[in-house]
Amino acid sequence: MIFEMLEQDNYEQILFCQDKNTGLKAIIAIHDTTLGPALGGTRMWPYASEQEAIVDALRLAKGMTYKSAAAGLNLGGGKAVIIGDPRKKTEELLRAYGRFIRSLNGRYITAEDVGTTVEDMDIIRQETKFVTGVSPAFGSSGNPAPVTAFGVYQGMKAAVQAAFGSDGLKDKTIAVQGVGNVAYQLCRYLHEEGAKLIVTDINPDNLGRAVNEFGATAVGVEEIYGADCDVFSPCALGAIINDQTIPKLKAKVVAGSANNQLREPRHGEMLEERGIFYAPDYVINAGGVMNVADELQGYNKERALKKVATIYDNIQKVFEIAAEEGIPSYLAADRLAEKRIEAVKMSRRMYLP
Ligand SMILES: NC(=O)C1=CN([C@@H]2O[C@H](COP(=O)(O)OP(=O)(O)OC[C@H]3O[C@@H](n4cnc5c(N)ncnc54)[C@H](O)[C@@H]3O)[C@@H](O)[C@H]2O)C=CC1
Ligand SMILES: CC(C)CC(=O)C(=O)O
């Protein structure tokens, strides 16, 4: 069954990591390394089953291949998941995990994702150099979330420009699902530009912070889909654009940080049929990977932010391709990414001694 899954989307490798002493159960998935080493974060989550964890790792890894390709980075796609409650992680578990990353000798480079932090990356760094998003004290870029948020803000403006003919967000109503690390910073940009915010979160502290600091209106977790808004911004987990939620959406734009927002590709078609401008997830949320990728050449914040600002142009380009070719935006993004991977693959045919 696993080989069938790998074959379906042409994955290169999957690594199951187990360490009885520390309780580590991790999966590292490497999708495609045509463009370079597979870089992607490590998610720690109490998955209900091993199957769920495998599927998440695989889907996220493929997303990273497309994300880095569309972003113009020389990186392949990989991602890892640790099965467990992030509140219970220990130094020894992370160090054991770091040693597994080291065993891949640079084929996979890690960073933060849901359930892991800069402090965790600092611990992993004790075992391997193939880790990014490490503390600035080590000359690294630190927490990628604020930079991801800046990129989402840029991409949202480009999507709003495509949908409304102007990229201003003043007085636009934005419904934000999940106000954690990325969306908290995103809400700050939106609030500063004069947008009205509707927010939801399962974590009352995160919710309260957005309400108190940005005057956001809080709604229930199910209510957010039907919120009366211009933009729906999914910033929690994946698969939230699906048969149940699409009919509820009132927004004209979907633009958020969450990975794998479409449950299935056909949900991208459904958004298109309803005239909803969908900013493809892996294009709009590439700010984090652009930022940590800069570490690989010696981190320079100014250079990294300049790169992240190109997300505005990338989203614009996706909508242009979609309009020219009469295809949904998710497909236009896939074409952009696949075209680059294929072109580089061709240019590498020549043997170099
Ligand atoms: N941190 C980064 O730099 C990047 C993050 N992403 C993606 O963006 C999303 C958010 O990432 P972070 O902000 O770092 O994670 P986070 O864990 O800090 O924030 C997620 C928030 O969503 C809330 N949440 C979870 N389930 C929910 C539900 N059913 N309804 C409402 N709220 C819910 C959580 O309580 C939390 O406040 C994730 O999908 C992540 O993979 C993508 C690219 C980079
Ligand atoms: C900081 C990034 C490398 C996190 C990631 O894995 C992603 O973009 O989804």
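The values are calculated or read from the model by the stated rules, or taken from the named source; none is laboratory data. It should be emphasised that the depicted structure is a prediction, and the values quoted were computed from it without experimental measurement. Cβ placement follows ideal geometry from the backbone for every residue including glycine, while neighbour counts extend to all protein chains displayed. Accessible surface is based on the protein model in full, side chains and every heavy atom, while ligands, DNA and RNA are left aside. Shrake-Rupley method; radii C 1.70, N 1.55, O 1.52, S 1.80 Å.
Too long at a 32 Å Cα-Cα cut-off: which of LYS62/LYS301; LYS20/LYS129; LYS88/LYS196; LYS172/LYS306; LYS196/LYS301? Pairs exceeding the cut-off: LYS88/LYS196.
Could you quote the convex hull projected area for the chain, Cα atoms only and averaged over all directions, in nm²?
Numbers: hull surface 72.1 nm².
Approximately 18.0 nm², given one-decimal rounding.
With contacts taken as Cα pairs under 8 Å at a separation of at least 6 residues, the chain carries a relative contact order of 16 percent. Evaluated with a Cβ-only charge set (Lys, Arg +1; Asp, Glu -1), segment 2-121 carries a dipole of roughly 260 debye about its Cα centre, given to the nearest 20.
A helix-only calculation puts the chain at -14000 deg cm²/dmol for mean residue ellipticity at 222 nm, using -39500 (n - 2.57) for each DSSP H run of at least four residues, averaged over all residues. With Cα atoms defining each centre, segment 134-164 and segment 315-335 are spaced 22 Å apart in the structure. Entry note, segment 145-339: relative contact order of 24 percent, from Cα contacts under 8 Å with a spacing of 6+ residues. Each Lys and Arg Cβ is given +1 and each Asp and Glu Cβ -1; about its Cα centre, the chain then shows a dipole of about 820 debye. Which of ASN260, PRO247, SER233 sits farthest toward the positive end of the charge dipole of segment 145-339, with +1 on the Cβ of Lys and Arg and -1 on the Cβ of Asp and Glu? Going by the Cα projections, it comes out as SER233.
In the chain, carbon and sulfur make up what percent of the accessible area (probe 1.4 Å)?
Exposed carbon and sulfur together represent 50 percent of the surface.
Extending 7 Å from Cα along the Cβ direction at SER103 and again at GLN244 yields two label points whose distance is 3.8 nm. Computed about its Cα centre, the charge dipole of segment 145-339 is approximately 300 debye, with only Lys, Arg, Asp and Glu carrying charge at their Cβ. State the percent of C-alpha pairs, over all pairs in segment 95-224, separated by a distance greater than 24 angstrom. Distances greater than 24 Å cover 43 percent of the Cα pairs. Solvent exposure of the chain, expressed per residue, is 44 Å² of accessible area, with all protein chains present and a 1.4 angstrom probe. Within the chain, DSSP assigns beta bridges of which about 35% are antiparallel (rounded to the nearest 5). Distance between the pseudo-spin-label points of ALA323 and GLU193 (7 Å out from Cα toward the beta carbon): 1.8 nm.
Panel note: the C-alpha atoms of segment 145-339, placed on their principal axes, show extents of 42, 42, 29 Å (largest first). Candidate cross-link partners of LYS345 among the aspartates and glutamates, defined by an alpha-carbon separation under 14 Å and a same-chain spacing of 8 or more, comprise ASP32. Normalised radius of gyration (Cα atoms, divided by 2.2 N^0.38 Å) for segment 1-152: 0.97.
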